[in-house]
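Since the structure comes first, as structure tokens, the remarks are kept for the end.
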Amino acid sequence: MVFLLILFPLKPLGAVDSEFVDSESGLKLRVITEEGDTGTVEVIRHDYTESFYNIPATIEYNGIVYTVTSIGEYAFYDCKSLTSVTIPATVLAIRSHAFYLCDNLVSVVISEGVQHIEESAFNGCKSLYSIFIPDSVTSLGEYVFYDCNNLEFIQFSSDSQLREIGQKAFYGCTGLRSFVIPNNVTSIEDFAFYNCMNLTSISIPEGVKRIGQYAFYECDNLRTIVLPESLIDLDEYVFYGCDNLKEIKFLEPSGISAIGKNTFYYCTGLQSVIIPEGVTSIDEFAFYGCTSLVSIILPESLQTIGESAFNACNNLSSIYIPQNVIDIGGYAFYDCDTLERVEFADESKIKVIGANAFYNCKGLRTIIVPESVTDIEAYAFYNCENLTSITIPWQVTSIGSGAFDSCSSLREVLMQPLIAPAIEENIFNNCASDLVVFVQPTAQGYFDGIWANFNVHQIKLMSIVAPEPVTGIKNGAVKTVQGLGLPNTVTLILSGGIKRQASIIWKVDECAYNPNDTKKQTFEVEGVVILPDDLPNPDGIPLLAKVLVTVEEAESGFLPESAITVIAAGGSDRVVVGNKLQMLAIVEPDDAGNKAVVWSIVKGNGADIDENGLLTAHSVGTVVVRATAQDGSQVYGEKEIYIIDDSDIKEKWYTVIYDGNGHTGGTVPQDYNLYMAGDRVTVLDNTGKLTKSGYVFIGWIYDHQFYLPGDTFIINKDVKLEAYWFPIDKGTDHRSIKKDFTVFTEKLKKYKVSIIGENERKVTKELEIDKNAANVVVDTIDIIRKSFGYDESLMIIVPAVEGVNSYTLILPATLFKEGQDEKKVIFSTPEGEVIVPYNIFLQTIEDEKSVNIYIARLEQSALSPKIKELAGNNPVVQLTLETGNKKVNMTRPVMVSIPYKPSAEINLDWEYITIWKIDHSGNETPVASAEYDPQERKVNFTTTFSGQYAVVWQHKTFKDIDRVAWAQKAIEFMASKGFITGLTDNLFVADASITRADFVTYLIRSLGLTAEFDDNFADVLPESDYYETVGIARKLGIALGDENNKFYPDETISRQDMMTLTDRALRQYKEFDYFYDHKILDKYKDKNEISDYAINSIAIMVGEGLIVGYDDRINPYGKASRAEAVVFLYRVYNKY
């Protein structure tokens, strides 16, 4: 017996390896498990010849009922007759090659329960048209639908558990037209959709971390791709040859660090790309042959541009190279023959410009090579035939063979290196015959060796050409550079006869011109010439120039254009009944001939004002004070003043009192502070060591909230904190008291939120606090449904919670479906308050259960260096609005208030407190509506965007604006608010004419106008500083362009266009709908010169007191200076 057991060992219980054929189903099966009268089997072959086949869930054989749990390898291999098959819910796996080469199979029904579809399971099923993958499937193996070229529709369950799309899973599925990848997929493996040539759209969900090489290779009809934030690995050749791909969008913040080799090779339809922050490398051939690529924005994180990365992108017109790029590979921009501008960051770190990097960039006219560059390799700028000049920076030590060969227009090379770089003889082959190489006066090595073959000159200044005399200036002209028609530049003569331009600062204030003198005046104006940084002056030639100016005799009296700003002494706009307030009028320009004004009250009857501007308040209300110029120019300024009762002042201040609540020893703390609404109060320590017989002091109670010393709360009324006592028995052990005390305080310290409806109906609810996340969640869905309904305004007030700085409000979406124009919800937290109208959404939110509002004060450690510099220690608040789990922007504005208690220094200059918005890319934008309320100590603003909002104080000024004192206040205010910029960080250049783009930018920013737009004017390039603002103006119908869709952004703007654009903008801003009869313009001599399209707008600007004119003229075609434009916009900003 023992011998038999050794020869024939027993199988473990349940493990069976026998096979049988079921005559009824025609299936050959292998037994997997068997126990009693049940078991499991795998289909291993099919001998059934019918077209339609339903695989049975169970099979009875020899008295045992077997459950079919898998379709085995090659089970239906090459079944030509099979056209339809149904796989039962008992099947857990469809094994490798199960239906391989079933080329007449049209329909497959896979029941819920199947978990794995293995390698090549449906490979070569060329007739398969559609398939549904149930949510139980977790993996699709390699080659699973390989070469199923009639497969048009593949649908996944909404709860699909699929984790990975295997290698070559849909390779050659040329019938596929669209594809939605399930939400749980994390990886799209190599060649997954290779040559799916009719695929037009694919949805890649958040959660996908990897897209393998060749994944979408030659998907010829793919139009748009959105890559999720979760994506980390974008491999090589992913979109190679997708020649109809027009848009690629990276959601940010992106996890991608590199754009792989050949990733977008020959994507000939791709027009613009924004590479996300975080990408450090664009590898070789990444965008090779993208012949429609017009714009690409590179991130500041980028360090390497690989070989041929943008080779043959022959529609690319400009490129900005960020400062962290250290290497531009060979052939990087080879044959980009329309590339006109290459701009490097100011603090560029680039060391090497690779061989052939800009080979055949025929559109390139000039380039400033960064000072960090040490090597320019062979043929780097070969055949840049329109390149006229180039500066080689200080650190360059070698220039490769043929670096500038065939640059046929190159005439001027400025060499900054003091030691001649190593070169070869053909460096300047086929360049202009009159090419001159300029070197520094102390440079060495340029007059021997190979360099001696070239026309080398030591560069220096030879003379300054005096400007032509200025004549024809009308009497009474303003004493400014613009007013006297002085040129902005002078001509320099350099060694070798070369001419260059240099800017000049005219000493207008020191000249003999008197604007009030009506006689003819001829006088000289002296100016200081500002030499370019790269131009030495070794001979010490005086950097001075003079110009002769003639001002004509006056035909009659004159009235110089002026403006009036009204302020109250001390900066306040409030006065108590019975008190007086001195009003002041600031007349512009400073040298106006007649500065007298007439004071009046034009709105309200609660005050009087005398001829000296002294206002006396009589009754509560609002009045508008006006100061009108006496010079006949009809210029006036206005200021709104609020008259308040003495009780209003008292109500602004609150006190905190501590009550010992029956204490028998010690003294209660004393808080002598006065607090304003919104201030944060810190609970004082029990310094008096309160005692009470039979009790132990544990903290303070106020409004059902428990506070320990050091806790904080927001005050909105007078507060009384009462001591809270914990009873103890005389014989209680000390350690027991401490333990019970700890447990008790944890139970006691509960925080409650107040929900207040109309008619002061109030409900409180205990807060849900996640201290690990430092977040409070206020879920009001049930409370609003049960206690308030959906048709009344609500106020939700959250107290300060120790250790918490973020607050989430969950509201029922039903509130926002009613579209009630007058209803709103107020969410008040210690970090900020937001007022959200119920009609905030234009789009439907019927499928959403909730609307969530998130307010958080961001910690300094969470801020970028740029934002830290901008905000300092001021609050930075995150505001987010979500429907479901999706961040959304609002279609109507919300009102936001951020508590802010400025320092004493800032409080003296509080009008410069404002708000900047930081978007998801880290770009900051001023919020035009932001105003600081010094009474409430809050910064208030409106917005339609989720994002970060920083409280910012800056008093920006420029070195050169003291010469335009009449405009200084306006320039400083508008620059501090972030609405305008100088031509450099320190120079405003007030007298220069303002360009069309700059004026539109300043106008859009100062009114805070926003819009989403898809395209722009043909001559406004995406990389330009003004692309966004001009695009907004175009979308809103403010800027119209010509018949060729051109805006001419760099041309100077005419006065009539300035007024027309402003009129259109105001109509967008506050439904501005004013109209003035054209007769208001009859007093101007040049009324008939005003273009038809501008006459309504100019009449409005004059009627509103924004424009006065000069010398009885509007001068519609005249050019406004930068200072004049800013003063005009300052008036607009203050008036509306």
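Observations
- Test: residue in segment 583-590 that is surrounded by 17 or more Cβ atoms within 10 Å (Cβ to Cβ), farther than 30 Å from Leu987 by Cβ, at pLDDT 80 or above and within 46 Å of the chain's Cα centre (by Cα): yes
- Boolean, Tyr146 is crowded, with 19+ Cβ neighbours inside 10 Å and farther than 21 Å from Gly72 by Cα: no
- When Gly289, Gly260 are screened for being touching a residue at least 40 places away in the same chain (Cβ under 8 Å) and of a type outside the set (D, E, K, R), only Gly260 passes.
- Failed item, numbered, when Met895 is tested on (1) at pLDDT below 85; (2) surrounded by fewer than 17 Cβ atoms within 10 Å (Cβ to Cβ): (1)
- Test result for Gly1105, at positive phi, assigned to a loop (DSSP other than H, G, I, E, B) and either crowded, with 18+ Cβ neighbours inside 10 Å or among the charged types (D, E, K, R) (or both): yes
- Exactly one residue out of Tyr932, Tyr912 is farther than 30 Å from Gly278 by Cβ, under 27 Å from the mean Cα position of the chain (by Cα) and surrounded by fewer than 22 Cβ atoms within 10 Å (Cβ to Cβ): that is Tyr912.
- Unmet requirement for Tyr513, which otherwise passes all of (1) of a type in the set (Phe, Trp, Tyr); (2) in the same structural domain as Ser398 (by TED's automatic domain parsing); (3) not in a strand (DSSP E or B): (2)
- Boolean, Thr138 is among the polar types (S, T, N, Q), over 19 Å from Ile165 (Cα atoms) and in contact (Cβ under 8 Å) with a residue 24 or more places away in the chain: no
- Given (1) crowded, with 24+ Cβ neighbours inside 10 Å; (2) on the phi > 0 side of the Ramachandran plot, index of the condition Ala312 fails: (1)
- Identity of the residue in segment 155-166, surrounded by fewer than 20 Cβ atoms within 10 Å (Cβ to Cβ) and under 19 Å from Pro88 (Cα atoms), that ends up modelled with the lowest pLDDT: Ser157
- Considering Ala975, Ala1033, Ala970, Ala1018, the condition of being outside the structural domain of Thr914 (by TED's automatic domain parsing) and in contact (Cβ under 8 Å) with a residue 60 or more places away in the chain is satisfied by Ala970 alone.
The values are calculated or read from the model by the stated rules, or taken from the named source; none is laboratory data. Being a predicted model, the structure only gives us computed values, none of them experimental. Cβ sites come from the backbone with ideal geometry, for glycine too, and all protein chains shown count toward neighbours.
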